[in-house]
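Okay, so here's the structure we're looking at.
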Amino acid sequence: MKYIPNYIFLSKSGELIERAEKLNSLLADCSICPKDCRVNRIENEIAACYSGMLPVVSSYCAHFGEEPVLSGTLENKNFNGVGNIFFGNCNLRCVYCQNYEISQNHKLEKMHEVSVERLAEIMIELQNAKVNAIGLVSPTHFVPQIVSALSLAAKAGLNLPLVYNTNSYDSVEVLKLLDGIIDIYLPDLKYSDDLQGYRYSKIKNYVYHSQSALKEMYRQVGCEIILENGLMKKGLLIRHLILPNDLAGSYDTLKFISELDNKIHLSVMSQYYPIHKALSIDLLSRNIREREYEKVLMWMEELKLFNGYIQEHDSESFYRPDFSDRFEPFKI
């Protein structure tokens, strides 16, 4: 049976627009993410994410560098990529962010503000390009606008799974309003130590908020991944980026996941390379070493985390974004 995203049924029942209205009401005293800025973004007051009312779409394209169950494979003849929408600005300030050109450059990104109607059109454009899913990249600070756009796009025929590609610093209240709307949760669990979270991403209480968010995502979709023709249609896939000198606290992160459910699917990434401010930070100014990579693999085996994907050690050489080209930031 062909997979049908649940947001289509929510659209037909009228609940999708009701969720959008509830989410938009949170913008008046903004509590969209755990920063709880409490500014009135409806009146275009600027929050800590440097964003007001209009969503910022820095780029959108078919992206072929996601996990095989998302991008597809040549072998399965479904290598169509994910239709990624890259939202500008961010509620984190990671010193090593590979997307820093759009995540930490709010003055320039203001030029890329779009209406909700235009965002809906972008979703349809990507579907028409025959991508496998719609990827919402760094969506946290624009969730109300995204769901408002989705309500328009669903009426216009959008029928692809939605991928929520997040840094995990998400509000549980907001995630609950996304229950049944998001098909695939793709959170990046960054740190297991609040000190490192603040030092390298300028965020407070990352561990509590990210783990609470993960638990809510798990509550919604569980550990089972729904596949159709080799492509992921629904489920949870947790990313974890290995950092030099174990600044991510990988063992404790993996232990948290294993205690939640060791059948959860992981995507352990070795693609770290020093960029942006990390170039001048001693502990972050190099790629990860092979022994650091192998240690994480050993911990995964120890904790019986066998589902998912592991990048090769030399993966930092592939799919580096260049957002000076907004139409094709990832070169194959």
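For the stretch 192-231, a residue qualifies if it is surrounded by 17 or more Cβ atoms within 10 Å (Cβ to Cβ) and touching a His at 6+ places or on another chain (Cβ under 9 Å), and the qualifying residues are ILE203, ILE225. Going by what's in this entry, would LEU283 be described as within 25 Å of TYR96 (Cβ to Cβ) and either touching a residue at least 40 places away in the same chain (Cβ under 8 Å) or in contact with a helix residue (DSSP H, G or I) (Cβ under 7 Å, 6 or more places away or on another chain) (or both)? Against the criterion (within 25 Å of TYR96 (Cβ to Cβ) and either touching a residue at least 40 places away in the same chain (Cβ under 8 Å) or in contact with a helix residue (DSSP H, G or I) (Cβ under 7 Å, 6 or more places away or on another chain) (or both)), LEU283 qualifies.
Being touching a His at 6+ places or on another chain (Cβ under 6 Å) and closer than 22 Å to ALA278 by Cβ: is that true of TYR169 here? Judged against the criteria, TYR169 is a match. Looking across the stretch 83-117, just one residue is of a type in the set (D, E, K, R), over 20 Å from the mean Cα position of the chain (by Cα) and either surrounded by 23 or more Cβ atoms within 10 Å (Cβ to Cβ) or closer than 20 Å to ILE32 by Cβ (or both), and that is LYS110. Scanning the stretch 1-46 for residues that are part of a helix (DSSP H, G or I), exposed (fewer than 13 other Cβ atoms within 10 Å of the Cβ) and either touching a residue at least 40 places away in the same chain (Cβ under 8 Å) or polar (S, T, N, Q) (or both) turns up SER13, SER25. Kindly indicate whether any position in the stretch 74-82 is in contact with a helix residue (DSSP H, G or I) (Cβ under 9 Å, 6 or more places away or on another chain) and either within 26 Å of SER210 (Cβ to Cβ) or buried (at least 24 other Cβ atoms within 10 Å of the Cβ) (or both). Yes: the stretch 74-82 contains one or more residues that are in contact with a helix residue (DSSP H, G or I) (Cβ under 9 Å, 6 or more places away or on another chain) and either within 26 Å of SER210 (Cβ to Cβ) or buried (at least 24 other Cβ atoms within 10 Å of the Cβ) (or both).
Would it be correct to say that LYS263 is charged (D, E, K, R), part of a loop (DSSP other than H, G, I, E, B) and touching a Cys at 6+ places or on another chain (Cβ under 7 Å)? Criteria met by LYS263.
This table checks each residue for (1) outside any loop (DSSP other than H, G, I, E, B); (2) touching a residue at least 12 places away in the same chain (Cβ under 8 Å).
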site	(1), (2)
ALA48	no, yes
SER51	no, yes
LEU74	no, no
ILE85	yes, yes
GLU101	yes, yes
LEU108	yes, no
ILE124	yes, yes
VAL131	no, yes
PRO144	yes, yes
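The numbers here are math on the coordinates, done by the rules we state, and not lab data. Given the structure is predicted, the values throughout are model-derived calculations rather than measurements. Heads up, the Cβs are rebuilt from the backbone with ideal geometry, glycines too, and the neighbour counts pull from every protein chain shown.
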